[in-house]
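Asker: Supplied in structure tokens, the structure appears directly below.
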Amino acid sequence: MSAGVAETNASATGISQWRMPSLVIGIIGLALSALGYFINQETFFRSWLPSFLFWFSIVAGSLAVLMLQYVTGGEWGLMIRRPLGAAARTMLWMVLFFIPIILGMKYLYPWSNTQWAMADENVSQKLGWLNWKRFLAFAALYFALWNLWAWRIRALSLSFYQDRSPYTELKRRKWAASGLLMIVLTLTFASIDWMMSTEPKWSSTMYGITFVVGCALSALAFVTFFLTRLVNTEAMGSLLKPTHLRDLGNLMLAFVMFYAYTTFSEFLLIWYANLHEEIPHFLVRTSGLWGAVAFSVAMFHFFLPFGLLLIRPIKDRPKTIAIVAVIIIVMRYVALYWLVAPSWYGEHFTWSWMNLTTLLGIGGVWIWAFIGQLRGQTIIPIHETWVEEAIREGALKVNG
Amino acid sequence: MAIGKVRTGTYGVIAEFSSPADLTAAAEAARDAGYTEMDAFSPFPIHNLHEAVGMKSTGLSSMSALVLIGGIIGGIGGFFMCWYANVISYPLNIGGKPFNSWPAWIPITFECAILMAAFAAVFGMLALNGLPMPYHPVFNVKRFDQASRDKFFLVIQARDPKFDLDTVWKFLEALHPREVVDVPW
């Protein structure tokens, strides 16, 4: 059994064939977005940020869930460790995709207009934090830390493959545990810098944790969907059991509920306090078409996946859990767009073709990079602990 | 005379196994052989054993239906309690908000739904298992004490439509148990 497992590798699952098409889609998307830049710079940058945040949330969430798996262990993470690690290591590409946000700061963040910011009674007091020098320095720090942890954990995994020493594993676990603390803090501050400061007068203490939870949800939905694409290949089909998908379904259920909990708590506290400084955030986001978007977030980001993920046959079958994962992935973008775009457009619902081209552009290149990281690796880390547990029951089924 | 109905005869046939894998495999073999009324005993929970003894793991079981109903009753009840108190019984103007301030009631609604679902789960579990149950025929088997230590038991009950003492006995023997014993009522 284990010999057969050792010989399967990523190319046996045929994922390489998706690499070039996605790169082509990515380049076309980026080219069209570049065209859009010359048509309307403001729209270009305001389309880029939500698209960047969407793909970034998968990458950052993957790093977080990967570290969670290294801390807790458990069979649930075995099937997704490779895609999580590959996604986490694409953080270097996210540095590249962040550059347009720096270039378009004046269109994205009202506080970057110092004249206006100095004149505003509220914002002028926040300029110690909301200024481009600190913004850039902290962004550099976040990316440095995320890349450091992603690649340090990779290096420790490689040396564990060599020496099989429990001390190496312990060291990786320590990095993962400290990394969880690091990533929750940095993602909190990154969400304040990159998203919340689109509305410099408004603040919420729930904002950071909502984003962190959303990242984990994005990552879990993405890797679940990815796994279901491989289920018909001989290599993965013989390993993947309904219980693996059920575990991932349960994790998605937990994070769907966690997201709903933080989002609703934020709304409830602000609605209840009814303070002049706080309510515009929700007044804008519930008026007109934005209100319809808010309703769709409540329905399809929470109620629908919540109900579906309660039902075990839906979690156990690749076809049905793939549909739930896609619903979540799509709603992640809708929720992120609903969170940032009304800051610029006010009550008028705005959607541009550049939103789509930037989404496809970043996504195409990102999937190309993601598969590049995954290529050549065994589909599961066969030298790791928990492997025996994961495949033992499969073997038992065959004998029974 | 004892109180209630005294049953005589055979409750079933029990086989003792030494590992959880053996028990699961035996239960699967019994299920595949067409036996439906069986029970398995183990010192600890075993993954997939409930499927092996033929219990439904898909669809709405009576247990999950109970919990769902409990949750729905709790949710509606919690919301109604808030609505009745704030709109009908004792309306108060709080910060100019409408009496029917439903967002503020969501936490109570949620908590009541959880509470009633948990009650339904605990008491429903006890009721459906027939607990507390001071007497069970398997206690007549001497080595059954081991079921709470390190042995694993599979019993095929006499009420199974396919039950035939000799056939069941031979079937269980063929699964290489440590021993096979009759269980009297």
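Asker: With respect to the numbered conditions (1) more than 23 Å from the chain's Cα centre (by Cα); (2) surrounded by 13 or more Cβ atoms within 10 Å (Cβ to Cβ); (3) closer than 20 Å to B:SER42 by Cβ, which one is the sole condition not fulfilled by B:ASP182?
Answerer: Only one criterion is unmet by B:ASP182, namely (3).
Asker: Hey, another quick one. Just one of (1) of a type outside the set (A, V, I, L, M); (2) at pLDDT 90 or above; (3) touching a Phe, Trp or Tyr at 6+ places or on another chain (Cβ under 6 Å) trips up B:PHE123, so point out which.
Answerer: Unmet condition: (3).
Let's see how each residue does on (1) in contact (Cβ under 8 Å) with a residue 60 or more places away in the chain; (2) more than 17 Å from B:ALA147 (Cβ to Cβ); (3) assigned to a helix (DSSP H, G or I):
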{"residue": "B:GLY34", "(1), (2), (3)": "yes, yes, no"}
{"residue": "B:PRO43", "(1), (2), (3)": "yes, no, no"}
{"residue": "B:GLU51", "(1), (2), (3)": "no, yes, yes"}
{"residue": "B:GLY54", "(1), (2), (3)": "no, yes, no"}
{"residue": "B:ILE73", "(1), (2), (3)": "no, yes, yes"}
{"residue": "B:GLY78", "(1), (2), (3)": "no, yes, yes"}
{"residue": "B:ASN86", "(1), (2), (3)": "no, yes, yes"}
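Asker: Which of the residues belonging to the range B:137-152 are open to solvent by less than 80 Å² (accessible area, probe 1.4 Å) and assigned to a helix (DSSP H, G or I)?
Answerer: Of everything in the range B:137-152, those that are open to solvent by less than 80 Å² (accessible area, probe 1.4 Å) and assigned to a helix (DSSP H, G or I) turn out to be B:PRO137, B:VAL138, B:ASN140, B:ARG143, B:PHE144, B:GLN146, B:ALA147.
Asker: List the pairs whose first member sits in the range A:116-134 and is open to solvent by 80 Å² or more (accessible area, probe 1.4 Å), whose second member is outside any helix (DSSP H, G or I), and whose Cβ atoms are under 8 Å apart, counting only residues at least 6 apart or on separate chains?
Answerer: Cβ pairs passing all conditions: A:MET118/A:LEU127.
Asker: Would you be able to tell me the number of residues in the range B:154-173 that are open to solvent by 70 Å² or more (accessible area, probe 1.4 Å) and either touching a Gly at 6+ places or on another chain (Cβ under 7 Å) or over 20 Å from B:LEU23 (Cβ atoms) (or both)? Give the derivation first.
Answerer: The first filter runs over the range B:154-173 and keeps only residues open to solvent by 70 Å² or more (accessible area, probe 1.4 Å), leaving B:159, B:161-162, B:164, B:166-167, B:169-170, B:173.
Subset that is either touching a Gly at 6+ places or on another chain (Cβ under 7 Å) or over 20 Å from B:LEU23 (Cβ atoms) (or both): B:159, B:161-162, B:164, B:166-167.
Looking only at that region, the number is 6.
Asker: Given the structure, is B:ASN93 in the same structural domain as B:ILE72 (by TED's automatic domain parsing), open to solvent by 70 Å² or more (accessible area, probe 1.4 Å), out of contact with any helix residue (DSSP H, G or I) (no Cβ under 9 Å at 6 or more places or on another chain) and part of a loop (DSSP other than H, G, I, E, B)?
Answerer: Values: in the same structural domain as B:ILE72 (by TED's automatic domain parsing): yes; open to solvent by 70 Å² or more (accessible area, probe 1.4 Å): yes; out of contact with any helix residue (DSSP H, G or I) (no Cβ under 9 Å at 6 or more places or on another chain): yes; part of a loop (DSSP other than H, G, I, E, B): yes.
For B:ASN93, the condition - in the same structural domain as B:ILE72 (by TED's automatic domain parsing), open to solvent by 70 Å² or more (accessible area, probe 1.4 Å), out of contact with any helix residue (DSSP H, G or I) (no Cβ under 9 Å at 6 or more places or on another chain) and part of a loop (DSSP other than H, G, I, E, B) - is met.
Asker: Being within 14 Å of chain A (Cβ to nearest Cβ) and surrounded by 16 or more Cβ atoms within 10 Å (Cβ to Cβ): is that true of B:ALA65 here? If you could, list the steps in order and put the result at the bottom.
Answerer: Details: within 14 Å of chain A (Cβ to nearest Cβ): yes; surrounded by 16 or more Cβ atoms within 10 Å (Cβ to Cβ): no.
So B:ALA65 fails the test.
Asker: Next question, about the same structure. Name every residue in the range A:249-262 that is under 25 Å from B:ILE94 (Cα atoms) and open to solvent by less than 40 Å² (accessible area, probe 1.4 Å), in order of residue number. Spell out how you get there, then give the answer.
Answerer: From the range A:249-262, those under 25 Å from B:ILE94 (Cα atoms) are A:261-262; that's our starting set.
If the condition is that a residue be under 25 Å from B:ILE94 (Cα atoms) and open to solvent by less than 40 Å² (accessible area, probe 1.4 Å), then A:THR262 is the only one that fits.
Asker: If A:ARG285 meets every condition in (1) farther than 30 Å from A:GLU75 by Cβ; (2) under 23 Å from the mean Cα position of the chain (by Cα); (3) within 13 Å of chain B (Cβ to nearest Cβ); (4) of a type outside the set (A, V, I, L, M) apart from one, which number is that one?
Answerer: Failing condition for A:ARG285: (3).
Asker: A follow-up question, please. Which condition from (1) open to solvent by less than 10 Å² (accessible area, probe 1.4 Å); (2) of a type in the set (Phe, Trp, Tyr); (3) part of a loop (DSSP other than H, G, I, E, B) is the one that A:TRP366 breaks?
Answerer: (3)
Asker: Restricted to the range A:289-306, and to residues that are within 14 Å of another protein chain (Cβ to nearest Cβ) and among the aliphatic types (A, V, I, L, M), which residue is nearest to A:LEU248 (Cα to Cα)?
Answerer: Among those residues, the one meeting the criterion is A:ALA298.
Asker: Here is a further query. Quick check on the range A:284-315: of everything there that is within 21 Å of B:VAL67 (Cα to Cα) and charged (D, E, K, R), which residue is most open to solvent (accessible area, probe 1.4 Å)?
Answerer: Keep residues of the range A:284-315 that are within 21 Å of B:VAL67 (Cα to Cα), which gives A:302-315.
Next, from what is left, pick out any that are charged (D, E, K, R): A:312, A:315.
Details: A:ARG312: 80, A:LYS315: 18 Å².
Restricting to residues being within 21 Å of B:VAL67 (Cα to Cα) and charged (D, E, K, R), the top hit is A:ARG312.
Asker: Run A:LEU275 past the list (1) part of a helix (DSSP H, G or I); (2) open to solvent by 50 Å² or more (accessible area, probe 1.4 Å) and report the number of the one that doesn't hold.
Answerer: (1)
Asker: Here's something else I'd like to know. When the residues of the range B:1-33 are filtered to those that are away from chain A (no Cβ under 14 Å) and at pLDDT 85 or above, which remaining residue is nearest to B:TRP185 (Cα to Cα)? Spell out the reasoning first.
Answerer: The initial filter retains those residues of the range B:1-33 that are away from chain A (no Cβ under 14 Å), namely B:1-16, B:18.
When the remaining residues are screened for being at pLDDT 85 or above, the result is B:11-16, B:18.
On the way: B:TYR11: 5, B:GLY12: 8, B:VAL13: 11, B:ILE14: 13, B:ALA15: 16, B:GLU16: 18, B:SER18: 25 Å.
Residue satisfying both the conditions and the ranking: B:TYR11.
Asker: Let me ask something additional. Right, A:LEU240: more than 14 Å from chain B (Cβ to nearest Cβ) and more than 18 Å from the chain's Cα centre (by Cα) or not? Steps first, answer last, please.
Answerer: Numbers: more than 14 Å from chain B (Cβ to nearest Cβ): yes; more than 18 Å from the chain's Cα centre (by Cα): yes.
Answer is yes for this residue.
Asker: Ok, one more. Which condition number in (1) over 22 Å from A:GLU384 (Cβ atoms); (2) open to solvent by 20 Å² or more (accessible area, probe 1.4 Å); (3) more than 15 Å from the chain's Cα centre (by Cα) is the one that A:THR72 fails?
Answerer: Failed condition: (1).
Asker: Could you check the range A:190-215 and list, in sequence order, the residues that are in contact with a His (Cβ under 6 Å, 6 or more places away or on another chain) and aliphatic (A, V, I, L, M)? Quick ask: steps written out before the conclusion?
Answerer: Looking only at the range A:190-215, we keep the residues that are in contact with a His (Cβ under 6 Å, 6 or more places away or on another chain), and these are A:202.
Hits for the range A:190-215: nothing passes.
Asker: Still on this model: Can you work out which of the residues in the range B:40-56 that are crowded, with 16+ Cβ neighbours inside 10 Å and within 15 Å of B:PHE153 (Cα to Cα) is nearest to the other protein chains (Cβ to nearest Cβ)? Let's see the steps before the verdict.
Answerer: Let us first name the residues in the range B:40-56 that are crowded, with 16+ Cβ neighbours inside 10 Å, namely B:40-42, B:46, B:48-49, B:52-54.
Those left that are additionally within 15 Å of B:PHE153 (Cα to Cα): B:40-42, B:46, B:49, B:52-53.
Numbers: B:ALA40: 14, B:PHE41: 19, B:SER42: 15, B:ILE46: 11, B:LEU49: 11, B:ALA52: 8, B:VAL53: 13 Å.
Restricting to residues being crowded, with 16+ Cβ neighbours inside 10 Å and within 15 Å of B:PHE153 (Cα to Cα), the top hit is B:ALA52.
Asker: Would a scan of the range A:307-323 turn up a residue that is more than 23 Å from A:LEU217 (Cα to Cα) and within 14 Å of chain B (Cβ to nearest Cβ)?
Answerer: Taking the range A:307-323 and keeping what is more than 23 Å from A:LEU217 (Cα to Cα), we get none.
No, the range A:307-323 has no match at all.
Asker: Tell me whether the range B:91-109 contains one or more residues that are under 30 Å from A:PRO313 (Cβ atoms) and either away from chain A (no Cβ under 14 Å) or touching a His at 6+ places or on another chain (Cβ under 9 Å) (or both). Before you say what the answer is, go through the steps one by one.
Answerer: The first filter runs over the range B:91-109 and keeps only residues under 30 Å from A:PRO313 (Cβ atoms), leaving B:106, B:109.
With either away from chain A (no Cβ under 14 Å) or touching a His at 6+ places or on another chain (Cβ under 9 Å) (or both) added as a condition, the list becomes none.
Scanning the range B:91-109 turns up no residue that is under 30 Å from A:PRO313 (Cβ atoms) and either away from chain A (no Cβ under 14 Å) or touching a His at 6+ places or on another chain (Cβ under 9 Å) (or both).
The values are calculated or read from the model by the stated rules, or taken from the named source; none is laboratory data. This structure is a prediction, so every number in the text was calculated from the model and none was measured. FYI the Cβ positions are ideal-geometry reconstructions off the backbone, even for glycines, and counts take in every protein chain you see. Areas reflect the complete protein model, heavy atoms only, side chains present, ligands, DNA and RNA absent. Shrake-Rupley method; radii C 1.70, N 1.55, O 1.52, S 1.80 Å.
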